[in-house]
Amino acid sequence: MTRFETWDGLELEYRVWEGEGVPVVLQHGVVADTNANWMSTGVVGALRSAGHTVVSLDARGHGRSDKPHEPERYSWHGMARDVRALYDELGFDEVAQVGYSMGGVISLLVAAADERVRRLAVGGIGSGVLDCGGVDRRVIDLPDLQAAMRGDGAGASRTAMMFRVLADAVHADLDAIHALATGLDDRPIEDLSNVTVPTLVLAGDNDPFAAEPERLAEALPNGTSAVVPGDHLMAVLAPAFHTVLVDFLR
């Protein structure tokens, strides 16, 4: 993995697998990192087998990137700027952007602001983008995620504790994740009209965070949707997830 300095001085880690064609840039979900979201699930392997150049960024507060504990260092648009700064760092003129869960919201913001994105695939999100402006707060809200990252997580919901279990499994910095959950603005997405590139909304059939993916796809100027087996954590492991994603990016 390689480090670079992003727009506000933090050092972020990324990894590149060389291949051909337009590079595919991956942005993982909250608490996870390159390995947990993309490598161990087989997504990187499927993309490499299809011949793609693949790039994956560890978001601020995650993986091997810097992990500030100040909430003001975290915002949706700031993390979208991190992705765009990575494009600059690598000299990319065009990319296919892929994001999951938190990374899906970030990727929508990137695609709305950056003409270098030529194709977009988002997973683990659905109608919450339309109804809540980003993460589906009908399923989990940020104070609940904050509670899950404090102490033993007492008082957090069962859904929030799913992320605590994942955080403990990947040895995440709980204070950094708490700061992220404290700093993120509630409604980062108000308008999808600028996301004009071909976009795939890819959801697990038992994922409450990705309810009604067809509604999100229909709200995008050039959107399509697909449903694969699995819940929020398991859908990305499904062979159908890999197949649909590779076919879309071909």
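Note on the stretch 156-176: among residues that are more than 19 Å from the chain's Cα centre (by Cα) and small (G, A, S), the one that is most open to solvent (accessible area, probe 1.4 Å) is S157.
This table checks each residue for (1) touching a Lys or Arg at 6+ places or on another chain (Cβ under 6 Å); (2) among the aliphatic types (A, V, I, L, M).
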| residue | (1), (2) |
| --- | --- |
| G61 | yes, no |
| S65 | no, no |
| E70 | no, no |
| S75 | no, no |
| G78 | no, no |
| A85 | no, yes |
| D93 | no, no |
| Q97 | no, no |
| M102 | no, yes |
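Out of R118, R64, I need the residue that is touching a residue at least 40 places away in the same chain (Cβ under 8 Å), under 21 Å from L200 (Cβ atoms) and in contact with an Asp or Glu (Cβ under 6 Å, 6 or more places away or on another chain). Which one? Lay out the reasoning, then the answer.
Working: R64 fails: under 21 Å from L200 (Cβ atoms).
After ruling out the rest, the residue left standing is R118.
Residues being over 19 Å from the mean Cα position of the chain (by Cα), within 27 Å of G19 (Cβ to Cβ) and polar (S, T, N, Q) are represented in the stretch 214-229 by at least one member.
Considering the stretch 62-74 alone, what residues qualify as being over 28 Å from V22 (Cβ atoms) and either β-branched (V, I, T) or part of a loop (DSSP other than H, G, I, E, B) (or both)?
Keep residues of the stretch 62-74 that are over 28 Å from V22 (Cβ atoms), which gives 66-74.
Within the stretch 62-74, D66, K67, P68, H69, E70, Y74 qualify.
The condition (being surrounded by 18 or more Cβ atoms within 10 Å (Cβ to Cβ) and within 30 Å of R150 (Cβ to Cβ)) is satisfied by just one residue among L47, L10: L10. Is it the case that some residue within the stretch 56-79 is open to solvent by 20 Å² or more (accessible area, probe 1.4 Å) and closer than 19 Å to R119 by Cβ? Among the residues of the stretch 56-79, not one is open to solvent by 20 Å² or more (accessible area, probe 1.4 Å) and closer than 19 Å to R119 by Cβ, which makes the answer no.
Taking the condition touching a strand residue (DSSP E or B) at 6+ places or on another chain (Cβ under 8 Å) and at negative phi, does E94 pass? Answer is yes for this residue. Among the residues of the stretch 13-41 satisfying the criterion of being touching a strand residue (DSSP E or B) at 6+ places or on another chain (Cβ under 6 Å) and of a type in the set (A, V, I, L, M, F, W, C), which is surrounded by the fewest Cβ atoms within 10 Å (Cβ to Cβ)? Among those that are touching a strand residue (DSSP E or B) at 6+ places or on another chain (Cβ under 6 Å) and of a type in the set (A, V, I, L, M, F, W, C), it is V16. The residues of the stretch 209-232 that are open to solvent by less than 70 Å² (accessible area, probe 1.4 Å) and touching a residue at least 60 places away in the same chain (Cβ under 8 Å), listed by number, are F209, A210, A211, P213, L216, A219, H232. On the stretch given as the stretch 156-193, residues that are of a type in the set (S, T, Y), assigned to a helix (DSSP H, G or I) and farther than 22 Å from L10 by Cα total 1. State which residue is surrounded by the fewest Cβ atoms within 10 Å (Cβ to Cβ) when the search covers only the stretch 178-208 and only residues that are over 25 Å from E115 (Cβ atoms) and in contact with a His (Cβ under 9 Å, 6 or more places away or on another chain). By that ranking, first place goes to N206.
What tally of residues in the stretch 207-250 results from selecting those that are within 19 Å of T34 (Cα to Cα) and of a type in the set (V, I, T)? Working first, answer last.
Initial filter on the stretch 207-250 (within 19 Å of T34 (Cα to Cα)): 232-239, 241-242, 245-246.
Retained after the next criterion (residues that are of a type in the set (V, I, T)): 236, 246.
Looking only at that region, the number is 2.
The values are calculated or read from the model by the stated rules, or taken from the named source; none is laboratory data. On a predicted model such as this, the values are computed, not experimentally measured, just so you know. Reconstructed Cβ throughout: ideal geometry from the backbone, glycine too, with neighbour counts over all protein chains shown. Protein only, heavy atoms only, side chains kept; ligands, DNA and RNA dropped before computing areas. Shrake-Rupley method; radii C 1.70, N 1.55, O 1.52, S 1.80 Å.
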